[in-house]
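Enquirer: My structure is below; once you've seen it, I'll send some questions.
The values are calculated or read from the model by the stated rules, or taken from the named source; none is laboratory data. No experiment lies behind these values; they were computed from the predicted model shown. Backbone-built Cβ (ideal geometry, glycine too); neighbour counts: all protein chains shown.
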Amino acid sequence: MTPSTSFSHWFARRAVPGVVAIIAIVFFIMGGFVYEIGTSIDQRSARRTSSFADVALNAQREEMERVSKDYAGWGEAYRHLHPDLDLTWAYGSSNMGSTLFPDYGLNFLVVVGPGNVTNYAVVDGKLINPLPVERLLTGGTMLLVERARDSGTETVPVSGFLMWGKWPVLVTAAVISPGGDPTVPVVPGPASVLLIGYALTPEKLIAAGDKYSIPDFRLRQPQYEAAFAEKILFTEDGRRGAVLEWNPDRPGRALMRRVFPWLGGAAALLAVLTFLFLRHAFQTTQVLESNARELAEAQAKAEHLALHDAVTGLPNRAMLMDHVETELRKNAVCTALFYMDLDRFKPVNDLMGREAGDAILLEVAKRLKSSVGDNDLVARVSGDEFAVAACLTGPEEAEGLCRKLTEAVGRTMSVGGTDMQVGMSIGVALAPNDAHTGSDLIQRADLAMYQAKQERRGSYRFFAPEMNDLALVRQTLEMDLRRAVKAGEFDLHFQPRFDTRTLKPVSVEALMRWQHPERGMIPPAQFIPLAEELGLIHEMGAWSLRHACSVIASYEGIAVSVNISPVQFRDPGLADLVASILKETGLAPHRLELELTEGVLLENTEMAQTVLTALKKLGVTLAMDDFGTGYSSLGYLQHFPFDRLKIDQAFVSQLTAQDSSRPIVQAILAMARSLGISVTAEGVETAEQFMLLRADQCAEVQGFFLAKPVPLAELRQTLSVPPDQILSRTAA
């Protein structure tokens with residue numbers, strides 16, 4: 001362990017926690033000190049308002065005792081209440097009746113006779129039937145009565161708290177006496193006692209609180225949160241009767257509310273400053289070790305990224321090259337390189353998004369790795385291209401691995417809840433026959449893969465020397481094609497379609513031609529796939545569509561059909577392009593027919609339905625070209641809005657009265673009639689083929705027997721050939 005490492009370890013484990021603990025303790029003590037001060041201030045405030053509550057209760061007690069002494073020590077009261085009750089004098093004449101209650105806020109008045117029998121009772125100003133005083137009041141009523149009698153015959157009021165139902169009540173008891181009146185004779189025996197009560201109801205407590213500055217003065221109730229200050233009222237028998245409570249001013253809490261935010265802010269500021277200081281100090285001590293660690297991590301990461309693909313984690317082209325060179329040096333006689341390209345990956349990636357594309361690449365990588373040996377290398381070379389370097393004994397074992405890889409990748413995979421299949425074309429190069437270096441082996445496997453893709457997608461091919469010549473031709477053709485697009489070297493030829501009944505031309509098909517300045521006429525089968533691969537087909541297709549519509553707009557009664565490439569079809573702006581060209585050229589939409597192959601429907605039926613619907617809304621006609629060559633064409637006719645199908649020339653070229661192709665053609669015609677779809681037979685080259693198609697009620701025909709594709713300069717003459725001259729033609 002280096003000194004810097006030791007110190008940073010000590011600093012992180014001991015110093016930093018110690019400093020943090022000291023700061024926390026200091027602020028904890030300061031907070032506790034402020035809390036103690038605030039609490040002490042609040043308690044003093046509570047004690048002060050508690051004295052106010054005592055003052056309020058004592059004032060009410062003194063008022064009650066004064067009233068009690070005035071009435072109990074009144075000679076007339078003694079005369080009419082003791083020992084016998086004069087009800088008329090007491091209640092009827094209101095001497096000791098309802099008038100006392102509003103004047104003094106009383107709640108009841110009771111006279112207890114010599115035998116402790118209730119002689120007289122008035123509650124809330126109303127006379128009630130005398131009942132034992134213990135039933136009216138609880139908490140030691142008779143104790144209070146006896147305490148009053150202890151004063152002898154003198155009227156000396158005594159007070160205490162009793163319970164009147166749910167309310168605490170301040171009760172004053174006094175012996176009823178002559179009060180020094182010489183005219184009133186004294187009756188010997190036990191004295192009668194006058195009880196008057198003042199219930200502490202919420203209204204009275206609120207009034208007392210307002211008068212004596214006791215905030216929220218109330219009787220404690222279970223449904224309320226307890227107030228900060230309280231006073232317990234004990235009944236005469238020493239029991240807990242009720243609790244008075246209130247919320248006094250709490251300057252201590254106000255102080256804490258003001259101080260704590262500042263204290264917290266100071267703590268936070270000090271914590272931040274301390275953190276910045278400690279971090280700076282810690283970072284300073286870690287400079288050397290941090291730099292060394294970061295350098296090591298960066299180097300490891302750079303080495304990994306330099307040799308691995310970021311999406312799949314597979315080795316990349318550089319690592320593949322290094323691995324192949326190493327294997328060739330170790331054992332050149334068994335090194336095989338498989339170069340693979342995914343079929344239909346780009347449209348799936350474009351339509352479903354990058355995340356779906358990455359998911360497919362990950363699944364392909366997983367399947368490839370599970371299909372090869374532990375010592376074999378699987379690499380991602382570029383976008384949708386992979387490679388496998390394996391040690392094999394010969395071509396037979398290589399073919400077996402090709403089939404295994406193709407089968408593994410071709411299995412249905414689920415991406416984003418959608419099931420799909422991705423094919424793969426493979427090129428194989430074997431050392432030492434095909435190459436002696438890693439770069440040459442990879443390059444020749446790539447050439448073989450391209451050849452497999454050109455011949456039949458989903459297949460595999462072994463490298464052959466002539467593929468080098470084909471690669472050079474393709475490279476030259478690619479450069480010439482780019483130049484031709486810029487130079488405008490393309491032209492359109494037009495091949496008419498004829499009504500089988502009248503032999504009158506009803507439409508022409510626009511066919512793109514490339515007149516190379518040195519090589520002459522280049523067949524479309526050579527440059528159209530290359531244009532699709534290079535992305536040039538969009539510009540070429542737009543030119544073809546615009547030029548065809550512009551030409552045919554000047555011909556009356558003739559429609560034009562234009563082929564749409566699958567790459568063009570995937571362009572979300574196709575419908576807008578067609579609409580714009582129709583408006584620009586003035587061609588009526590029903591005079592334009594767009595020919596589509598089944599390939600445009602294979603990749604995404606939902607997208608295809610959307611695009612075809614948008615095109616149909618423009619009013620153009622839709623035709624399925626090369627019908628019968630795809631395994632699912634019948635299903636497409638049911639689900640997509642095609643107006644016409646063109647029977648592929650593969651069926652028409654073999655058509656004779658005895659050939660087995662005729663029943664197939666007749667079945668296609670019958671099916672199309674039942675679906676209300678027009679049919680055109682293409683590739684008609686003999687009079688017999690034409691007559692059979694006419695006999696089978698095929699609506700339209702197209703082919704060399706009727707008319708070859710001609711340049712624009714010969715189109716009008718071709719369209720004006722009389723029907724009888726057409727019938728006299730031969731295939732030659």
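Enquirer: So is Val364 part of a helix (DSSP H, G or I), surrounded by 15 or more Cβ atoms within 10 Å (Cβ to Cβ) and modelled with pLDDT of 80 or more or not?
Expert: Numbers: part of a helix (DSSP H, G or I): yes; surrounded by 15 or more Cβ atoms within 10 Å (Cβ to Cβ): yes; modelled with pLDDT of 80 or more: yes.
Here the answer is yes, as Val364 does meet what is asked.
The rows are residues; the columns are (1) of a type in the set (Gly, Ala, Ser); (2) within 30 Å of Ile232 (Cβ to Cβ).
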| site | (1), (2) |
| --- | --- |
| Asp86 | no, no |
| Asn95 | no, no |
| Leu100 | no, yes |
| Ala121 | yes, yes |
| Leu131 | no, yes |
| Arg135 | no, yes |
| Thr141 | no, yes |
| Ala148 | yes, yes |
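Enquirer: Do we have Arg501 as under 30 Å from Asp724 (Cα atoms), surrounded by 13 or more Cβ atoms within 10 Å (Cβ to Cβ) and among the basic types (Lys, Arg) here?
Expert: On the way: under 30 Å from Asp724 (Cα atoms): yes; surrounded by 13 or more Cβ atoms within 10 Å (Cβ to Cβ): no; among the basic types (Lys, Arg): yes.
So Arg501 fails the test.
Enquirer: Taking Thr406, is it surrounded by 18 or more Cβ atoms within 10 Å (Cβ to Cβ) and hydroxyl-bearing (Ser, Thr, Tyr)? Break it down stepwise before answering.
Expert: Details: surrounded by 18 or more Cβ atoms within 10 Å (Cβ to Cβ): yes; hydroxyl-bearing (Ser, Thr, Tyr): yes.
So Thr406 passes the test.
Enquirer: Hey, any hits in segment 367-377 for a residue that's touching a His at 6+ places or on another chain (Cβ under 9 Å) and under 20 Å from Gln443 (Cβ atoms)? Walk me through how you get there before you give the answer.
Expert: Narrowing segment 367-377 to residues touching a His at 6+ places or on another chain (Cβ under 9 Å): 377.
Right, trim to under 20 Å from Gln443 (Cβ atoms) and you get 377.
Scanning segment 367-377 turns up at least one residue that is touching a His at 6+ places or on another chain (Cβ under 9 Å) and under 20 Å from Gln443 (Cβ atoms).
Enquirer: Look at Leu481 and say whether it is more than 29 Å from Leu368 (Cβ to Cβ), assigned to a helix (DSSP H, G or I), outside the structural domain of Leu337 (by TED's automatic domain parsing) and in contact with a strand residue (DSSP E or B) (Cβ under 9 Å, 6 or more places away or on another chain). Walk me through how you get there before you give the answer.
Expert: Numbers: more than 29 Å from Leu368 (Cβ to Cβ): yes; assigned to a helix (DSSP H, G or I): yes; outside the structural domain of Leu337 (by TED's automatic domain parsing): yes; in contact with a strand residue (DSSP E or B) (Cβ under 9 Å, 6 or more places away or on another chain): yes.
So Leu481 passes the test.
Enquirer: Let me confirm something: among Gly75, Gly31, which residue is in contact (Cβ under 8 Å) with a residue 40 or more places away in the chain, surrounded by 13 or more Cβ atoms within 10 Å (Cβ to Cβ) and within 30 Å of Ala267 (Cα to Cα)? Can you show your working first?
Expert: Working: Gly75 fails: within 30 Å of Ala267 (Cα to Cα).
Selected residue: Gly31, the only one of Gly75, Gly31 that is in contact (Cβ under 8 Å) with a residue 40 or more places away in the chain, surrounded by 13 or more Cβ atoms within 10 Å (Cβ to Cβ) and within 30 Å of Ala267 (Cα to Cα).
Enquirer: Answer with yes or no whether Ser68 is assigned to a helix (DSSP H, G or I) and in contact with a strand residue (DSSP E or B) (Cβ under 6 Å, 6 or more places away or on another chain).
Expert: Working: assigned to a helix (DSSP H, G or I): yes; in contact with a strand residue (DSSP E or B) (Cβ under 6 Å, 6 or more places away or on another chain): yes.
Criteria met by Ser68.
Enquirer: Another one. Quick one: which residue in Phe498, Phe527 is of a type outside the set (Ser, Thr, Tyr), part of a strand (DSSP E or B) and closer than 30 Å to Thr686 by Cα?
Expert: Result: Phe498 is the single residue among Phe498, Phe527 that is of a type outside the set (Ser, Thr, Tyr), part of a strand (DSSP E or B) and closer than 30 Å to Thr686 by Cα.
Enquirer: State yes or no: is Met142 surrounded by fewer than 22 Cβ atoms within 10 Å (Cβ to Cβ) and under 25 Å from Glu203 (Cβ atoms)? If you could, list the steps in order and put the result at the bottom.
Expert: Values: surrounded by fewer than 22 Cβ atoms within 10 Å (Cβ to Cβ): yes; under 25 Å from Glu203 (Cβ atoms): no.
Criteria not met by Met142.
Enquirer: Counting just the residues of segment 297-326 that are modelled with pLDDT under 85 and of a type in the set (Asp, Glu), which one comes out farthest from Ala390 (Cα to Cα)?
Expert: Glu297
Enquirer: Output the number of residues of segment 303-321 satisfying the condition of being free of Cβ contacts under 8 Å to residues at least 24 places away in the same chain, assigned to a helix (DSSP H, G or I) and within 18 Å of Ile442 (Cβ to Cβ). So that I can check it myself, show each step before the final result.
Expert: Here is the first cut: in segment 303-321, the ones free of Cβ contacts under 8 Å to residues at least 24 places away in the same chain are 303-308, 310, 318.
Checking which are assigned to a helix (DSSP H, G or I) leaves us with 303-307, 318.
Now drop any that are not within 18 Å of Ile442 (Cβ to Cβ), which leaves 306-307, 318.
Of the residues in that region, 3 qualify.
Enquirer: Here's another thing I want to ask about it. I need the full set of residues from segment 645-667 which are within 53 Å of the chain's Cα centre (by Cα) and either assigned to a helix (DSSP H, G or I) or at pLDDT below 85 (or both), in order please. Before you say what the answer is, go through the steps one by one.
Expert: Of segment 645-667, the ones within 53 Å of the chain's Cα centre (by Cα) are 645-650, 667.
Scanning segment 645-667 gives Gln649, Ala650, Ala667.
Enquirer: While we're looking at this one, here's another question. When the residues of segment 411-440 are filtered to those that are aliphatic (A, V, I, L, M) and touching a Pro at 6+ places or on another chain (Cβ under 9 Å), which remaining residue is nearest to Thr393 (Cα to Cα)? Outline the logic, then answer.
Expert: Narrowing segment 411-440 to residues aliphatic (A, V, I, L, M): 413, 415, 420, 422, 424, 426, 428-431, 435.
Next cut, touching a Pro at 6+ places or on another chain (Cβ under 9 Å) only: 428, 430.
Details: Val428: 14, Leu430: 10 Å.
Once the filter is applied, the top-ranked residue is Leu430.
Enquirer: Of the residues Ser550, Ser561, Ser554, Ser580, which single one is polar (S, T, N, Q) and part of a loop (DSSP other than H, G, I, E, B)?
Expert: Numbers: Ser550 fails: part of a loop (DSSP other than H, G, I, E, B); Ser561 fails: part of a loop (DSSP other than H, G, I, E, B); Ser580 fails: part of a loop (DSSP other than H, G, I, E, B).
The conditions single out Ser554.
Enquirer: Being surrounded by 23 or more Cβ atoms within 10 Å (Cβ to Cβ), under 21 Å from Glu76 (Cα atoms) and either touching a residue at least 12 places away in the same chain (Cβ under 8 Å) or assigned by TED's automatic domain parsing to the domain that holds Glu245 (or both) is true for just one of Ser151, Ser177. Which residue is that?
Expert: Values: Ser151 fails: surrounded by 23 or more Cβ atoms within 10 Å (Cβ to Cβ).
Among Ser151, Ser177, only Ser177 is surrounded by 23 or more Cβ atoms within 10 Å (Cβ to Cβ), under 21 Å from Glu76 (Cα atoms) and either touching a residue at least 12 places away in the same chain (Cβ under 8 Å) or assigned by TED's automatic domain parsing to the domain that holds Glu245 (or both).
Enquirer: Additional query: Which of the residues spanning segment 411-441 are in contact with a helix residue (DSSP H, G or I) (Cβ under 7 Å, 6 or more places away or on another chain), closer than 13 Å to Leu328 by Cβ and not in a loop (DSSP other than H, G, I, E, B)?
Expert: Residues satisfying the conditions are Ala429, Leu430, Gly438, Ser439, Leu441.
Enquirer: To continue, here is another question. Which numbered condition in (1) modelled with pLDDT of 85 or more; (2) under 17 Å from Met413 (Cα atoms); (3) surrounded by fewer than 17 Cβ atoms within 10 Å (Cβ to Cβ); (4) among the acidic types (Asp, Glu) is the only one that Asp374 fails?
Expert: (2)
Enquirer: With respect to the numbered conditions (1) touching a Phe, Trp or Tyr at 6+ places or on another chain (Cβ under 7 Å); (2) part of a loop (DSSP other than H, G, I, E, B); (3) within 24 Å of Val187 (Cβ to Cβ); (4) not aromatic (Phe, Trp, Tyr), which one is the sole condition not fulfilled by Val111?
Expert: (2)
Enquirer: Could you tell me which residue of segment 671-693 is nearest to Leu622 (Cα to Cα), considering only residues that are buried (at least 16 other Cβ atoms within 10 Å of the Cβ) and not aliphatic (A, V, I, L, M)?
Expert: Taking the candidates together, the pick is Ser678.
Enquirer: May I pose another question? So in segment 221-239, with the set limited to residues that are loosely packed, with under 14 Cβ neighbours inside 10 Å and closer than 16 Å to Gly165 by Cα, which one is modelled with the lowest pLDDT? I'd like the intermediate steps shown before the answer.
Expert: From segment 221-239, those loosely packed, with under 14 Cβ neighbours inside 10 Å are 221-226, 232, 238-239; that's our starting set.
Applying the additional criterion that residues be closer than 16 Å to Gly165 by Cα yields 221, 239.
Working: Gln221: 74, Arg239: 87.
Checking each candidate, the answer is Gln221.
Enquirer: I'd like to check something: does segment 615-635 contain any residue that is basic (Lys, Arg), under 49 Å from the mean Cα position of the chain (by Cα), at pLDDT 90 or above and surrounded by fewer than 13 Cβ atoms within 10 Å (Cβ to Cβ)? Before you say what the answer is, go through the steps one by one.
Expert: At the first step, the residues of segment 615-635 found to be basic (Lys, Arg) are 616-617.
This time we only want the ones that are under 49 Å from the mean Cα position of the chain (by Cα), so: 616-617.
Remaining after also requiring at pLDDT 90 or above: 616-617.
Remaining after also requiring surrounded by fewer than 13 Cβ atoms within 10 Å (Cβ to Cβ): 617.
Within segment 615-635 (the criterion being basic (Lys, Arg), under 49 Å from the mean Cα position of the chain (by Cα), at pLDDT 90 or above and surrounded by fewer than 13 Cβ atoms within 10 Å (Cβ to Cβ)), the answer is yes, since at least one residue qualifies.
Enquirer: Among the residues of segment 555-604, how many are small (Gly, Ala, Ser), buried (at least 21 other Cβ atoms within 10 Å of the Cβ) and free of Cβ contacts under 8 Å to residues at least 60 places away in the same chain? Break it down into steps so the answer makes sense when it comes.
Expert: The first filter runs over segment 555-604 and keeps only residues small (Gly, Ala, Ser), leaving 557, 559, 561, 565, 573, 575, 579-580, 586, 588, 599.
Checking which are buried (at least 21 other Cβ atoms within 10 Å of the Cβ) leaves us with 561, 565.
Going one step further and asking which of them are free of Cβ contacts under 8 Å to residues at least 60 places away in the same chain, we end up with 565.
Residues flagged as small (Gly, Ala, Ser), buried (at least 21 other Cβ atoms within 10 Å of the Cβ) and free of Cβ contacts under 8 Å to residues at least 60 places away in the same chain within segment 555-604 amount to 1.
Enquirer: Looking only at segment 71-126, which residues are under 19 Å from Thr183 (Cβ atoms) and basic (Lys, Arg)?
Expert: Correct list: Arg79 only.
Enquirer: Please specify each residue of segment 317-341 satisfying the condition of being of a type in the set (Asp, Glu) and over 43 Å from the mean Cα position of the chain (by Cα). Please lay out each step first, then the result.
Expert: Within segment 317-341, the first condition is being of a type in the set (Asp, Glu), and the residues that meet it are 322, 325, 327, 341.
Listed by number, the residues that qualify are Asp322, Glu325, Glu327.
Residue-wise test of (1) in a helix (DSSP H, G or I); (2) among the hydrophobic types (A, V, I, L, M, F, W, C); (3) not assigned by TED's automatic domain parsing to the domain that holds Ala510.
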| position | (1), (2), (3) |
| --- | --- |
| Arg673 | yes, no, no |
| Ala681 | no, yes, no |
| Leu715 | yes, yes, no |
| Thr718 | yes, no, no |
